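Inspection log for the structure reproduced underneath, given as structure tokens.
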Amino acid sequence: MIRVEFLGPIGLEAQEFDVKNLNELKKELQKIKELESWLELSAIAVNDELVSTLEIDLKDGDRVVLLPPVCGG
């Protein structure tokens, strides 16, 4: 299982998914209505490293984090 965490204003609790890669995970996340506006805006980290492609294989125990854009002052 892959653990997915949603940071900042996304406001969802962490969830687990049984997927093999980021493309499969994206399809699962698109089913969650609360994520509609965040998926295209958010950066993605896999095991604490930012990624720039969805062509990444995942393995049991991996941690994926959705990092929404934020404004600072």
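Looking across the stretch 36-56, the residues that are surrounded by 12 or more Cβ atoms within 10 Å (Cβ to Cβ) and under 20 Å from residue 18 (Cα atoms) come down to 39, 44, 45, 46, 47, 51, 54, 56. A search for C-beta distances below 8 Å between a residue of the stretch 4-24 that is without any contact (Cβ under 8 Å) to a residue 12 or more places away in the chain and more than 15 Å from residue 41 (Cα to Cα) and any residue that is surrounded by 11 or more Cβ atoms within 10 Å (Cβ to Cβ) and charged (D, E, K, R), counting only pairs 6+ apart in sequence or on different chains, returns 14/3; 14/5.
Residue count for the stretch 8-35, restricted to those that are over 20 Å from residue 57 (Cβ atoms) and open to solvent by 70 Å² or more (accessible area, probe 1.4 Å): 5.
The values are calculated or read from the model by the stated rules, or taken from the named source; none is laboratory data. Here the structure is a predicted model, which is why all the values come from computation and not from measurement. A quick note on method: Cβ atoms are made from the backbone with ideal geometry, for glycine too, and the neighbour counts reach across all protein chains shown. Remember, those area values only see protein heavy atoms, side chains included, never the ligands or the DNA or RNA. Shrake-Rupley method; radii C 1.70, N 1.55, O 1.52, S 1.80 Å.
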